[in-house]
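First comes the structure, then the notes that go with it.
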Amino acid sequence: MSNDPQNKKFKQWLDILQQESWQLELIISGFAIYGLFMVIEPIEIASAEAQNNDNMYRIFMMQGLLISWYILTINLLIHVILRGLWIGAIGLRYVSGDIDYDELNYSPKFKNHLLKRVGSFDNYVAKLEKYCSIIFAVTFLLLFYLLGLLALSFLFTLLGLWIDSENTSYTIRYWVAIPLIIALGIGTVLTFIDFVTQGWLKRKKWTSWFYYPIYWLFKYLTLSFLYRPIVYNFLDTRFGRRLSLVLVPLYLGLTILAGTGFSTSNYWHKDLSSNAFIANMENYDDSVSKNTTYVNLASIPSKVITDGFLSVFIVYGRTIEDDVFYFNENLKPEKDKRGLHSTFQTGKIGWQDRRKLLKEYMATLKEMYRLKIDSTSYDFDFVFTQNKREQEGFETFLDIDQLVNGKHVLEVTRKDHQEDSVYYRKIITIPFWYYPE
């Protein structure tokens, strides 16, 4: 059979497929919902890991996957429920036929109201069919919208990193990168205006001459060339236009609703950082058990310490190395290799030179930190390692055999700087109880 749209047999085949599409919709929705509930945990774990590692590129990808998961799950669940209602209505129609308002024996006022607002049962079935098909199509259309938004966001992020890069010259930064961001920003605003107004900039002759080049460029930047036929077929009906106007406010409302919470106290909530009065689970190794939970800033083994020593783990972060370079400029490399890199790099530092630099690095790091228990300062030596959650950081062990039984407080401070002034800033305070066996 020819796939020519003008071919009569092809059109007949499409008409038949259109009538039977509800079966395919249910099959796809069922398998998709099952698969979605299977993959949500790995996505959440990967997202938490990316945020913990401050991996901006992976954060973009994981957040996009999370939002896509919510869009797919919500819409497909609604679709399955409405399809179930539609199938039930079809079965009821087979048994009972149309609505017999005379049999209901209602007063003329209610009968006229129901005839006007409810109408025939066939009309109700037809509306359910239309809503089901539209919701199924809109579900995947929204994913394409999200994909385009993520593509634009990723492009702006790359341009921002390019501007902030030390390797970017003054001329390129101010005569190429910044004007490019401004131009893309204007194009993004105009594209968004055209999107929310359902093509207003395409209808006016006086806007078409300057918007057409922007439209041509952004159809590739937002990947809209992949799904434009669906959009225009969706917007050429009154119902589609009305639904399109509702979609953005609806999902914004759902986002705001999802961000609401419930508080049981004016002073306490679970996200408070550890201090002398608060023990946050993210600062105790034995409490960081969930796959999506990671140590925050620093940790000790448990709230109750029974050994004569205390293990202290400080989570490594990019700002730590920035401060190391500030306080010891000899350690700052000519080219910062943090971020994306190739496994085929050449010109690596020799082992002897690396060992010398690592020793100097750890000495600088030790000089930057102070560890106190209650009001007593402790001497320490850091080693670079990983904790049970595979977080990179620096670990040391403090001799606490002389502590009395009861509650104590570990205080971690780090050398910081502001302009030309240098000072020690409190990083975290972790309470614990010492009861030796």
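The values are calculated or read from the model by the stated rules, or taken from the named source; none is laboratory data. Just so it is clear, the model here is predicted, and its values are computed rather than measured. Because the Cβ atoms are built from the backbone with ideal geometry, glycine has one as well, and the counts that use them run over all protein chains shown. We work out accessible area using only protein heavy atoms, side chains counted, and drop any ligands, DNA or RNA first. Shrake-Rupley method; radii C 1.70, N 1.55, O 1.52, S 1.80 Å.
Of the listed peptides 401-407, 110-116, what is their order by residue-averaged count of other C-beta atoms within 10 Å, with the highest listed first?
Highest mean packing first, the order is 110-116, 401-407.
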20 Å cut-off, amide nitrogen to a point 7 angstrom out along residue 45 Cα→Cβ, residues in the stretch 293-311: 293-296
At R0 = 45 Å the Cβ-Cβ FRET efficiency linking residue 94 and residue 255, nearest 0.05, sits at 0.60
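Between the DSSP loop rule and a limit of at most 11 other Cβ atoms within 10 Å, which trypsin sites (Lys or Arg not before Pro) in the stretch 222-302 are left?
270
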Can you figure out the FRET efficiency of residue 265 with residue 223, using R₀ = 60 Å and their beta-carbon distance, to the nearest 0.05? 0.80
Radius 13 Å from Cβ of residue 122, net charge of other residues (Lys, Arg +1; Asp, Glu -1): +1
Where the centroid of each part is defined by its Cα atoms, how far is the stretch 69-120 from the stretch 301-332 in Å? 64 Å
I need to check one value: relative contact order of the stretch 110-240, counting alpha carbon pairs closer than 8 Å and at least 6 residues apart, in percent. 30 percent
Longest to shortest principal axis, alpha-carbon extents of the stretch 123-276, angstrom: 64, 58, 25
So which GluC sites (Glu not before Pro) in the stretch 372-433 end up in coil per DSSP with only 11 or fewer other C-beta atoms within 10 Å? 390, 419
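State whether the stretch 368-437 is rounded, prolate or oblate according to the following rule on the C-alpha gyration tensor (a ≥ b ≥ c being the square roots of its eigenvalues): a/c under 1.5 gives rounded; otherwise a/b larger than b/c gives prolate, and the remaining case gives oblate.
oblate
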Given contacts defined as C-alpha pairs under 8 Å and at least six residues apart, what's the relative contact order of the chain, whole-number percent? 12 percent
Gain in length, residue 332 to residue 183, computed as 0.36 nm per residue apart minus the alpha-carbon separation, to one decimal in nm? 50.1 nm
What FRET efficiency, computed as 1/(1 + (r/R0)^6) with R0 = 51 Å and r the Cβ-Cβ distance, is obtained for residue 242 and residue 302, rounded to the nearest 0.05? 0.30
Using distinct alpha-carbon pairs, which all enter the 1/r mean, Kirkwood radius of the stretch 73-213 in Å: 20.6 Å
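Helix-only estimate, please: 222 nm mean residue ellipticity of the chain, summing -39500 (n - 2.57) across DSSP H runs of length 4 or more and dividing by its residues, to the nearest 500.
Helices in the chain give a 222 nm mean residue ellipticity of -18500 deg cm²/dmol.
In Å², and per residue, what accessible area does the chain have when probed at 1.4 Å with the other protein chains present?
67 Å²
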Using protein chains only and a probe of 1.4 angstrom, how many square angstrom of residue 420 are accessible, to the nearest 10? 150 Å²
Rounded to the nearest 10 degrees, what's the angle between the helix 56-96 long axis and the longest principal axis of the chain, both from Cα atoms, 0 to 90? 30 degrees
Cα-based shape type of the stretch 165-241, given that a ≥ b ≥ c are square roots of the gyration tensor eigenvalues and the cut on a/c is 1.5: prolate
Can you tell me how the chain classifies by the Cα gyration tensor, rounded, prolate or oblate, using a/c under 1.5 as the rounded cut? prolate
Taking the alpha carbon gyration tensor of the stretch 38-119, what are the square roots of 5 times its eigenvalues, largest first, to the nearest whole Å? 52, 14, 8
Distance in nm between residue 112 and residue 426 label points, each 7 Å along Cα→Cβ, equals 7.6 nm
If you keep only loop residues by DSSP, which chymotrypsin sites (Phe, Trp or Tyr not before Pro) in the stretch 268-315 have at most 12 other Cβ atoms within 10 Å of their Cβ? 268, 277
³J(HN,Hα), Karplus 6.51/-1.76/1.60, whole Hz, each residue of the stretch 370-379, x for Gly, Pro: 9, 10, 10, 10, 6, 10, 9, 7, 10, 7
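Heavy atoms only, probe 1.4 Å: what % of the accessible area of the chain goes to carbon and sulfur, would you let me know?
Carbon plus sulfur share of accessible area: 60 percent.
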